[in-house]
Amino acid sequence: MSIKKIFIICSLALIFFPNCSVNMMVDSEIYFRINQVGFLPDEYKSAIILANTNLDGTKAELRNTKTNKTVFSTILINSLGQYGNFKYTYSVNFTSIIETGEYILEAGNRKSFPFQISINANNGIAESLLEFFQVQRCGYTEPKEHNVCHIVDATSIIEGNRVISQRIDLTGGWHDAGDYVKFLNTTAYSTYILLFAYEFNPSKFSFDKNNNGIPDILEEAKIGLDWMHRAVYNDKFITQVQDLRDHNVGWRMPEDDPLAFDRPAFVGIGKNLIGIYSATMALASRIWREKMKYPEYADKCLNTAEKFYSIRNRVPDVDRSGTGMYIDNVFEGKMALGAIELYLTTNKTSYLNEAKVFADSAGSDYWWSWGNINSIAHYKIAKFDDKHKSFIKNNLAHFTTNMHNNLFGLGTALSWGTNHTILGITFQNILWKRLTNDNSFDMLSVIQKDYLLGRNPWGICFIYGFGNNYTKNFHHQISFLKGKLPGGFAAGPATKEFIKSYKIPYDNTDSYAKFQTNEIYYRDDRMDYITNEPTITANATAIFVFGNLK
């Protein structure tokens, strides 16, 4: 129907029925941006409304879908200003509602997706996220959604400019992301976070889906640990298996990889790798000795951790081997973590003293990623030296300032892997609260979590299978070929200019075009390896966060 015809119909309606309210669909687009999964009863609860008409004076109501009862209402006033293509934006705060149930938010004859208020709002998320690691498994590790693959890793060794025609057993472990490359840096980080999650809150991470008496999270961590043991090469590490040719041979299942018998391994060493490697092995040693009652394996982990930590002063600060991916900028935070974990395992005071020195040097990093995890070291050292709490507080204060400067409350600048950094904010608040019982940063923490579950410009939940509208077209080969990705978690937005510079050949037109801006851009498209690729590191962090929010 044309605009002209709509105008005539509406004009006649107003003449003959002056008291009736005419709903002009063409001028009343309203979009609710809200956590589609749900809220815990006692946490901050809010939504953003995007509209192309002025909604000042319009009633917004929260309604229980079972009883049809309105439990909260407010009058929308004072638009927060323009956002992209929408001239009017509003924020609705319904934190006061604590009664459990399923709800929808309504305004202007429009409704949000349904969501829960429940103590079980986050149940099942951590378990699903852990399934992603099974999809990422390589070799003879009982992978999920694909067959055994890459059974001759690795077929040669590259050390500096030398290529050594020697096969070394590097089977197993996890593919890093949507491709089939394996990295020590990200494997060590992911393994450490899985172990740390269990140590931090065993009751939250004791789920055992296969009923074998071993927590699933420890079974998965063992996949990483076993590969890390294989990644020892003399007094150095294997830092990467396979090169960038992996990205150039087309989309295929891992068991059908044409490069399966041509996968080189790269050798390297650096304080950054020694730090995260030693931390992981030292923590594993405690868990396998105390929980798993496997002293032989515990000894193996500890001996390896101490061996590499002992050569820290004879290696470069940062490893530069491989093809240039996952290269750290600094090393102090990871060395601090390695030292404090060794102290906790051995009770040797020298490790604690070095941990403090490294941690002081590392300081606050105002970030979170696989390479920026100073806060974990500060959290552990703060139990012995209270001043280290302040480094975590500095980070959270910085993120809070950022939150107040944008409509959706993002606590971080956009980068490759933005969603991982967003999760890291909530992660650090969990650490802060454990240390201090201070809830000053809870609103910051909740808004970041809600952003990932739908309170974002596109109204999408970035975790596969959760919410009414979630990411489906991951940049992930198994996902594309199998049509699903259990536990998939998208990398998240970047700036349009940043993405544009990579000239990505998208598969489909942009279904979210009207919500894009130059400042923040996301595509649910399998070709988008910047905003839509899942990784083991982001999933590991997400498991810790959502497991602790249960």
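The values are calculated or read from the model by the stated rules, or taken from the named source; none is laboratory data. Just so you know, these numbers come straight off a predicted model, no measurement behind them. Note that each Cβ is placed from the backbone with ideal geometry, even for glycine, and that neighbours are counted across all protein chains shown.
Just a few scattered comments:
- Among the candidates 113, 132, residue that is touching a residue at least 12 places away in the same chain (Cβ under 8 Å), buried (at least 21 other Cβ atoms within 10 Å of the Cβ) and of a type outside the set (Asp, Glu): 132
- A count restricted to the range 200-210 and to residues that are loosely packed, with under 13 Cβ neighbours inside 10 Å and modelled with pLDDT of 95 or more stands at 1.
- Listed by position, the helices (runs of 4 or more DSSP H) inside the range 437-550 whose residues that are under 30 Å from residue 29 (Cβ atoms) number at least 3 are 442-452, 496-500.
- Residue ID - surrounded by the most Cβ atoms within 10 Å (Cβ to Cβ), chosen from residues in the range 426-449 that are among the polar types (S, T, N, Q) and over 19 Å from residue 201 (Cα atoms): 448
- The single condition from (1) hydrophobic (A, V, I, L, M, F, W, C); (2) closer than 30 Å to residue 47 by Cα; (3) not in a loop (DSSP other than H, G, I, E, B) that residue 377 fails is (2).
- Output for the range 88-117, where each listed residue is touching a Leu at 6+ places or on another chain (Cβ under 9 Å) and on the phi > 0 side of the Ramachandran plot: 108
- Scan of the range 313-325 for residues that are over 30 Å from the mean Cα position of the chain (by Cα) and either buried (at least 17 other Cβ atoms within 10 Å of the Cβ) or not assigned by TED's automatic domain parsing to the domain that holds residue 342 (or both), ordered by number: 315
- Output for the range 35-76, where each listed residue is of a type in the set (Ser, Thr, Tyr) and assigned to a loop (DSSP other than H, G, I, E, B): 44, 53, 58, 65, 67
- Number of positions in the range 271-308 that are surrounded by 24 or more Cβ atoms within 10 Å (Cβ to Cβ) and among the hydroxyl-bearing types (Ser, Thr, Tyr): 4
- Count - residues of the range 140-159 that are assigned to a strand (DSSP E or B) and farther than 19 Å from residue 239 by Cβ: 1
- Hey, residue 526 within 19 Å of the chain's Cα centre (by Cα) and farther than 23 Å from residue 38 by Cα or not: yes
- Exclusive hit being on the phi < 0 side of the Ramachandran plot and without any contact (Cβ under 8 Å) to a residue 60 or more places away in the chain, set 190, 165: 165
- Taken together, the residues in the range 454-511 that are among the hydroxyl-bearing types (Ser, Thr, Tyr) and under 19 Å from the mean Cα position of the chain (by Cα) amount to 5.
- Filter result (aliphatic (A, V, I, L, M), closer than 15 Å to residue 467 by Cα and in a helix (DSSP H, G or I)) within the range 94-139: 125, 126, 129
- Candidates are the residues of the range 529-550 that are among the hydrophobic types (A, V, I, L, M, F, W, C) and over 13 Å from the mean Cα position of the chain (by Cα); the one that is surrounded by the most Cβ atoms within 10 Å (Cβ to Cβ) is 530.
- Comparison of 176, 153 shows that the only residue that is more than 21 Å from residue 463 (Cβ to Cβ), outside the structural domain of residue 89 (by TED's automatic domain parsing) and buried (at least 16 other Cβ atoms within 10 Å of the Cβ) is 153.
Quick grid of which residues meet (1) buried (at least 23 other Cβ atoms within 10 Å of the Cβ); (2) at pLDDT below 95; (3) closer than 20 Å to residue 364 by Cα:
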| position | (1), (2), (3) |
| --- | --- |
| 397 | no, no, yes |
| 400 | no, no, yes |
| 412 | no, no, yes |
| 424 | yes, no, yes |
| 457 | yes, no, no |
| 462 | yes, no, no |
| 465 | no, no, no |
| 470 | no, no, no |
| 473 | no, no, no |
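- Residue, surrounded by the most Cβ atoms within 10 Å (Cβ to Cβ), within the range 353-374, restricted to residues that are under 19 Å from the mean Cα position of the chain (by Cα) and in a loop (DSSP other than H, G, I, E, B): 373
- Any hit, the range 161-169, residues being buried (at least 24 other Cβ atoms within 10 Å of the Cβ) and in the same structural domain as residue 331 (by TED's automatic domain parsing): no
- Count of the range 77-93 residues, restricted to those that are assigned to a strand (DSSP E or B) and surrounded by 14 or more Cβ atoms within 10 Å (Cβ to Cβ), is 7.
- Checked against the criteria, residue 528 does not count as touching a residue at least 24 places away in the same chain (Cβ under 8 Å), farther than 22 Å from residue 85 by Cβ and acidic (Asp, Glu).
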